[in-house]
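**Q** Pasting a structure here, questions to come.
The values are calculated or read from the model by the stated rules, or taken from the named source; none is laboratory data. On a predicted model such as this, the values are computed, not experimentally measured, just so you know. Ideal geometry is used to build each Cβ from the backbone, glycine not excepted, and the neighbour counts take in all protein chains shown. Keep in mind that these areas ignore ligands, DNA and RNA; they rest on the heavy atoms of the full protein, side chains included. Shrake-Rupley method; radii C 1.70, N 1.55, O 1.52, S 1.80 Å.
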Amino acid sequence: MLSSLSGVRCVFLVLLFICLSGGVVAFLPASVLPTRESSFPSRLHAENKHNGDNKPGSNGLNTLFSPPSMTNPFEALGKQLTFFFEKLTGGTDTNSAMASRALPPPPPSVRRTGGPVSVVFGATGRAGREIVQALLREGHDVVAAVRNESKLNEVFGASALSGATPASPGHGLLDYISGIDVTNAATLSSGKVPAVLKEACHVVVALGPVGGVQPGGGFGFFPGLTSEDVDFKGVTKVIDAVVDAKGVVKEGAGEGGKKKAAGEVEERKRTLFRFETPEDVAKWQRLDDVIMGGQSSSSLELDREKGYATYTGSLVVEGGGFCGTRASGGDASVDLSGFDGVTLRVRGDGHRYKLNLKTTETLASENVYQAAFDTLPLQDVGEGAGGWQTITIPFHRFYPVVRNRVDYKAAPLQPSSQAAVSLGLVYSRFEFNRQANPYYDPGAFSLSLEEIALYRSRRPSLVLVSSAGAERNAKVETEEDRKTEIPIVMLNPGGILNWKYRAETYLRASPLPYTILRPCGLVPEKAFGDEPSTGKLQAGQGDTITGRLTRQDLGLAVAAALASPYSAGKTMEIRRDEAADANAMTGVGRRPRTTAVTALELFQPLVADKDRAVSGTSGLLPFPEAVDPPQEVSPERAKEILNDPRVKAQQDRDRALVESGALQKGQGGGGRYVGVCAVRICRGSVPDGASARVHVQNSVIYSNNALSFNEPKTKSLPDIPLCFGRKKVMPSKCSLCPF
Ligand SMILES: NC(=O)c1ccc[n+]([C@@H]2O[C@H](COP(=O)([O-])OP(=O)(O)OC[C@H]3O[C@@H](n4cnc5c(N)ncnc54)[C@H](OP(=O)(O)O)[C@@H]3O)[C@@H](O)[C@H]2O)c1
């Protein structure tokens, strides 16, 4: 009995470690379950067959354990994990998860620069603090929603919290609301929280369960702060609070009614031109190829009764081959900042047209910004109501051109700094750079126009940090299937993947524009050593990738997601660009490190969640249903899984980080590191005492083999030559080496 208890304790430690460390997280995930208090997705409750049975402790997650017995086979592992646990959780928040140290509270105030206001839940967490910093750098005024002020002071410093001016020009200001316990809905609906949530443009949720040394000794998630409590129930309460604060209204009746959020989450449109009156049409002047000796002709004809105009004419290829019409001044002189592109309401004829945009930037030159758009063939869609299309052209699809040729040296269209001064429509035999327009015919053409406007798409109003593996886990149907999965899905400690997935499902069903970011393994920057990674991020969908990224990377991705209309309504896994890492491994193509995240590259190619179910179009299967966590794995099975070479490699790496002193105890992945030498075992399995070729890489120690860096530091490894930079040294000669 005793030994089985100890086994259980050890398993818990193992699972907790895996769950919390930035290590095994290469396949790390998390999850979620339904809550009775949750207001809107009642259907989620129906999906969860056993939710009524999910009382704290029923899944064993929040059970308190004492230290393992010395005779237990997991003893060494247990000690080791205790150490990791302390390191990764801060370790000192022992007896009470909510213990608050008596530091003077930062001065209360409302600090705003006028930038977007973003509330961050979990701001004092290891990922949360990087997200806060990234948002501040991007000019967001950040409100940290935290449990207690003392940790806030520790993490950000009283000066950052009391700062009345931004750290540097363009930076946002940091404000906070404290006393927030997401497991207690009352703390989300009282005080100034509703007002702050209403004011906020964006909300970021980077929460995670809390564990530590239990009052009776041993380790575990604190009761009430398990994955179920925080990752699922807490997150759904935050979603509910945001929905309430924003006054989200449900339009239309019944389940199928469309939901819409009020306020700043609305899409925006600014009409530039209508085509309803003679005055509207008179703004447009003809600009055909006759100016170059051609014979094409065109005109804009108003159909007053129907309330639109038709741009029609005849394209004569000989001598020119284009027709155009241009309107300037009046409503066209508008600030483009705050918009994403141009939208047109048109009825075409199957031809490709182009839209010209002259801005303040191109005023003094011959340049215009030009984008092509395709219209549907009339015969395909028919007359009547059919045939009308809404074309949206994002600004990045406008190219700077001089008389049809792309000017590669010209500045791209920057909506933030440019105003539109004129707009033009062109129908030409030429595409860009005198390539043939693939959709033109000589002769008659017809393009009816109702409206031309600037548009702004929805940004996500809530970004949820979930975890890679959450969807993967939800697809596992049988325990046999689970055995073939990646280790974290096999272990699924505390059902964390299920709880996180349930929160995701809840958010996807909510009326909020959202983005769900599922980081792969979160590791310290040092874990990349001096690998010349580009620092670029890659996104995947369908939960098939594994990999690593830093919490700083995650911060950048969150900031990029909040700024981009292409992230809204999408769920994605993210990791560091592996091609860059692969290059680094082989020494090919050393590229400069950069932390740039290109929102366009990252988000634009991704499929919107709502389109995943449309078979055959996205290449992605529909989302699996959320299910309850499976049975906890037995100690024996956990041991087997932890012997998986992938887990061992990762554990060795993380263990080495701590053993080497590279990672400061208690600081976790987001903490500071002491600089010591780092070792990378290049390949193969190296038994103790054998020779191996290793490379020093900054202050991180990696190990992909059987070498145990967990042994006391006096362990002798005399046969291992170290490469320190380019110079080979023996461990004993390396003053920085811990061995
Ligand atoms: N480690 C990985 O490799 C990995 C990989 C993928 C995904 N993830 C996920 O990424 C997320 C963030 O990770 P992390 O390393 O930043 O976790 P973390 O350091 O443990 O941070 C968790 C945050 O949640 C807060 N929190 C917990 N319970 C709360 C409550 N009841 N009310 C209010 N706040 C509460 C904590 O507050 P305090 O600061 O006051 O403690 C802390 O700020 C987690 O969900 C994790 O599962 C991690």
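**Q** Here are Arg551, Arg508: which of them is among the basic types (Lys, Arg), farther than 30 Å from Pro635 by Cα and in contact with a Gly (Cβ under 6 Å, 6 or more places away or on another chain)? Talk me through it step by step, then tell me what you get.
**A** On the way: Arg508 fails: in contact with a Gly (Cβ under 6 Å, 6 or more places away or on another chain).
Unique residue meeting the criteria: Arg551.
**Q** Can you name the helices (runs of 4 or more DSSP H) wholly within the range 120-186 that have at least 3 residues being near the ligand (Cβ under 10 Å from one of its atoms), in contact (Cβ under 8 Å) with a residue 12 or more places away in the chain and surrounded by 24 or more Cβ atoms within 10 Å (Cβ to Cβ)?
**A** Working: elements: 126-137, 149-156, 158-162.
Correct list: 126-137.
**Q** For the structure I just gave you, tell me whether Asp481 is open to solvent by 30 Å² or more (accessible area, probe 1.4 Å), part of a helix (DSSP H, G or I) and on the phi < 0 side of the Ramachandran plot.
**A** Values: open to solvent by 30 Å² or more (accessible area, probe 1.4 Å): yes; part of a helix (DSSP H, G or I): yes; on the phi < 0 side of the Ramachandran plot: yes.
Taking the combined requirement at face value, the residue satisfies it.
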